[in-house]
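To start, the structure under review is shown below, and the notes come after it.
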Amino acid sequence: MFELSLSAAQSAALTGLGTSLLKAAIFLILASLAIKYGSKAIRESSKKKFEEPVILDLIQDFARTFMWFWAALVTLSMLGFSGIASSMGTASGFVALGIAFALKSVISDTVAGVYLAQDKDFNSGDRVIVDSEEGVIEDVGLKKTRLRLNSGDLRVVKNTDVEKKWTKLE
């Protein structure tokens, strides 16, 4: 009934689109394997420096997110949307800068928490003085440290405040 006839240019365009889609699909399959094993390798290499599972998860998730974003931009470029990919890359840089500025104190507390978690002299159960208050360290988290004061009260201190000045008592 209906006969579909394509010009040579239309046929070539469809063939090119099919080839691009196939290349992109193969790339995404290979990228997913690389991301899977790459994030595991990053986690294993991070274990040499960090012991806390929360920190290892944070590093692995950040790396995995970065790799997937990169794969998405490459896939868009492979499909002929390089303008969109470059715009997304630029926009994500500005968004990341805005988020980093907005979360400056959270980021600094997290970085301080990472350093405190690595510090062999600062462990749960140690008696310390922080902000002129004496207590026993109950927990060192990514953002806050919890101290049990001599009075029995629980004091929660930002990690940036703890890292600035603390004294370990013997």
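The values are calculated or read from the model by the stated rules, or taken from the named source; none is laboratory data. Just so it is clear, the model here is predicted, and its values are computed rather than measured. Ideal geometry is used to build each Cβ from the backbone, glycine not excepted, and the neighbour counts take in all protein chains shown. Note: areas computed on protein heavy atoms with side chains; ligands, DNA, RNA excluded. Shrake-Rupley method; radii C 1.70, N 1.55, O 1.52, S 1.80 Å.
If you plug the beta carbon distance of Thr65 and Glu138 into 1/(1 + (r/R0)^6) with R0 = 35 Å, you get a FRET efficiency near 0.65. Averaged over its residues, region 14-56 has an accessible area of 69 Å² per residue, based on protein heavy atoms and a 1.4 Å probe.
Here the simple spin-label model places points 7 Å from the Cα toward Cβ, and for Ile84 and Leu103 these points are separated by 2.6 nm.
Normalised by the number of residues in region 17-107, what is the relative contact order in percent for Cα pairs under 8 Å and 6+ residues apart? Don't jump to the answer; show the numbers that get you there.
Numbers: 42 pairs, mean separation 26.4, N = 91.
Relative contact order here is 29 percent.
Modelled label positions at Leu21 and Thr167, each set 7 Å beyond Cα in the direction of Cβ, lie 7.2 nm from each other.
Of all the accessible heavy-atom surface of region 116-170, with the other protein chains kept in place and a 1.4 Å probe, what percent is carbon and sulfur?
Details: 1390 of 3260 Å².
Here it works out to 43 percent.
Checking the Cα-Cα distances for Lys23/Lys104; Lys47/Lys143; Lys23/Lys49 against a 29 Å cut-off, the pairs over it are Lys23/Lys104; Lys23/Lys49.
Of all aspartates and glutamates in the structure, those lying under 13 Å Cα to Cα from Lys158, and not within fewer than 8 positions of it along the same chain, are Asp109, Asp131, Asp139. Which percent of the accessible area of region 22-104 is formed by carbon and sulfur heavy atoms (probe 1.4 angstrom)? Carbon with sulfur: 74 percent of the solvent-accessible area.
Can you give the FRET efficiency for Ala72 and Tyr115, using 1/(1 + (r/R0)^6), R0 = 41 Å, r = Cβ-Cβ distance, to the nearest 0.05? Walk me through the intermediate numbers first.
Working: r = 33 Å, r/R0 = 0.80.
Approximately 0.80, to the nearest 0.05.
Residues Trp166, Trp68, sorted by accessible area with the largest first, give Trp68, Trp166 [1.4 Å probe; ligands and nucleic acids excluded].
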